[in-house]
2 protein chains.
Amino acid sequence: MKKNLTITIGRQFGSGGREVGLKLAEKLGVPFYDKELLSHTAKKSNLGENVVEYYDEKQSIPFVPQSSLFEIYQMPMSDKVFIAQSDAIRDLAAKGSCVIVGRCADYVLRDSENVLNLFIHADMKFRIARKEEVLPGKTPAEVESHIRRVDKKRSKYYSYYTDKAWGDARSYHLCVDTSRFGIDGAVAMILDAIERL
Amino acid sequence: MKKNLTITIGRQFGSGGREVGLKLAEKLGVPFYDKELLSHTAKKSNLGENVVEYYDEKQSIPFVPQSSLFEIYQMPMSDKVFIAQSDAIRDLAAKGSCVIVGRCADYVLRDSENVLNLFIHADMKFRIARKEEVLPGKTPAEVESHIRRVDKKRSKYYSYYTDKAWGDARSYHLCVDTSRFGIDGAVAMILDAIERL
């Protein structure tokens, strides 16, 4: 592997993108950041961890119900969190190789050459089967509806903060369908791709 | 490789998708169809090869200047060609393993399990460099403009005849950026992916 490589992962909800990232990080012996990014963001900024968590991967929310007139003329908190998170991402990427899931990391690091941008997706059947396990009591139709809702949010968040389309192949270097190759198959293929860089 | 596998390739203009397909077909020892599909379509239908070629990868054109009143009430020729081409694609896929470039082949074969859908893309710099060689006398800006025009046509054609978005990772099993991995790197990665099916 190149001395310093940041692997960013965009992922459909339920596709196993987080698991792919965890396995890649383990095999490569590098740090993994998904929700782990929140404490780094809070530490690096003067924003509380609960604030960072609340606005994590949400598109700009200009007026929240509790806004005072003073706050309306300020930058929305969601944008502040995005900026703080971007700073944390650049900071972690500069420190050494790592895997970062979500948070428009591919866009944040667009000027770096030492980046491999991945998108992990899967067909709905595969994703429902994975999410049914963690959402007991829900019917497959309810699980599907939940999956579509989360993906819609991710897509909106991505297109709001970048000039690119979420899930469009042209935004990534490699996109893999885990329902076709399996989680471990995808991991092996990506490890092989990294060797080719 | 599985006994019968159709590899379909969607590709950005200038990304080397055709070259990737040719190399895959050669390595796998299976037939390759890009423009080669036109004579199969003409043979299988009662449409002339020049008609098939004229309407190849064009979205529906309802009224062409020479339309007679009689023709206006008929199916547009572009749609007839699409249907004839789809028949030819299904026919060739049923005969044995092959590589098919473009022509919404992934969508045409959507009900088949023995399909691997690929999308090949690359950054603009890589594509301009490749196309400058075959478009002598044109400035890089002119080449870029030509590339964008061809891609726009491909995108329109794909979205017209399918319910999917051209270049969206979710429409394919594997998407590879040839400007990041090179043509031969992409071929090797895809051959490896085929072994994993």
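The values are calculated or read from the model by the stated rules, or taken from the named source; none is laboratory data. Because the structure is predicted, anything quoted here is derived from the model rather than measured. So basically every Cβ, Gly included, is an ideal-geometry build from the backbone, and we count neighbours across all protein chains shown. Each accessible area value is taken on the protein alone, full model and side chains, heavy atoms only, with ligands, DNA and RNA left out. Shrake-Rupley method; radii C 1.70, N 1.55, O 1.52, S 1.80 Å.
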Exercise for the section: Could you please let me know if residue B:156 is assigned to a helix (DSSP H, G or I), charged (D, E, K, R) and away from every other protein chain (no Cβ under 14 Å)? Expected result: yes
Practice task
Scan segment B:132-141 and give yes if some residue there is modelled with pLDDT of 95 or more, assigned to a helix (DSSP H, G or I) and within 14 Å of another protein chain (Cβ to nearest Cβ), otherwise no.
Solution key: no
Practice task
Determine whether residue B:106 is part of a helix (DSSP H, G or I) and within 11 Å of chain A (Cβ to nearest Cβ).
Solution key: no
Handout entry: Checklist (1) open to solvent by 30 Å² or more (accessible area, probe 1.4 Å); (2) part of a helix (DSSP H, G or I); (3) at pLDDT below 80 applied to residue B:1, failing item
Key = (2)
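Going by the structure shown, is residue B:92 touching a helix residue (DSSP H, G or I) at 6+ places or on another chain (Cβ under 9 Å) and within 12 Å of chain A (Cβ to nearest Cβ)? Walk me through it before giving the result.
Numbers: touching a helix residue (DSSP H, G or I) at 6+ places or on another chain (Cβ under 9 Å): yes; within 12 Å of chain A (Cβ to nearest Cβ): no.
No: the conditions fail for residue B:92.
Return the residue satisfying two criteria in turn: it lies in segment B:148-184 and is acidic (Asp, Glu) and modelled with pLDDT of 95 or more, and of such residues it is surrounded by the most Cβ atoms within 10 Å (Cβ to Cβ).
Among those that are acidic (Asp, Glu) and modelled with pLDDT of 95 or more, it is B:177.
Tell me which residues, restricted to segment B:168-185, are part of a helix (DSSP H, G or I) and of a type outside the set (Phe, Trp, Tyr). Before you say what the answer is, go through the steps one by one.
Step one: list which residues in segment B:168-185 are part of a helix (DSSP H, G or I), which gives B:169-171, B:178-185.
Listed by number, the residues that qualify are B:169, B:170, B:171, B:178, B:179, B:180, B:182, B:183, B:184, B:185.
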Practice task
Could you grab the pairs with beta carbons closer than 7 Å, sequence gap of 6+ or different chains, first residue in segment A:147-162 and under 14 Å from residue A:106 (Cβ atoms), second one of a type in the set (Lys, Arg) and open to solvent by 30 Å² or more (accessible area, probe 1.4 Å)?
Solution key: A:157/A:58
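Considering segment A:159-172 alone, what residues qualify as being of a type outside the set (Ser, Thr, Tyr) and either within 13 Å of chain B (Cβ to nearest Cβ) or at positive phi (or both)? Steps first, answer last, please.
First, pick out the residues of segment A:159-172 that are of a type outside the set (Ser, Thr, Tyr): A:163-170.
Residues satisfying the conditions are A:164, A:165, A:166, A:167, A:168, A:169, A:170.
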Fill in the blank from the handout: Exception for residue A:184 within (1) within 11 Å of chain B (Cβ to nearest Cβ); (2) in contact with a helix residue (DSSP H, G or I) (Cβ under 6 Å, 6 or more places away or on another chain) falls at (2)
Exercise for the section: Residues being surrounded by fewer than 21 Cβ atoms within 10 Å (Cβ to Cβ) and not basic (Lys, Arg): count how many of those fall in segment B:116-127. Expected result: 3
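Can you give me the number of residues within segment B:7-57 that are outside any helix (DSSP H, G or I) and more than 16 Å from residue B:101 (Cβ to Cβ)? If you could, list the steps in order and put the result at the bottom.
To start, the set of residues in segment B:7-57 that are outside any helix (DSSP H, G or I) comprises B:7-16, B:29-36, B:45-48, B:56-57.
Next cut, more than 16 Å from residue B:101 (Cβ to Cβ) only: B:29, B:45-48.
Going through segment B:7-57 one residue at a time, the tally reaches 5.
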Practice task
Please indicate, with yes or no, whether at least one residue in segment A:83-98 is of a type in the set (D, E, K, R), over 18 Å from residue A:172 (Cα atoms), surrounded by 13 or more Cβ atoms within 10 Å (Cβ to Cβ) and modelled with pLDDT under 90.
Solution key: no
Handout entry: The listed residue being assigned to a loop (DSSP other than H, G, I, E, B) and without any contact (Cβ under 8 Å) to a residue 40 or more places away in the chain, out of B:188, B:165
Key = B:165
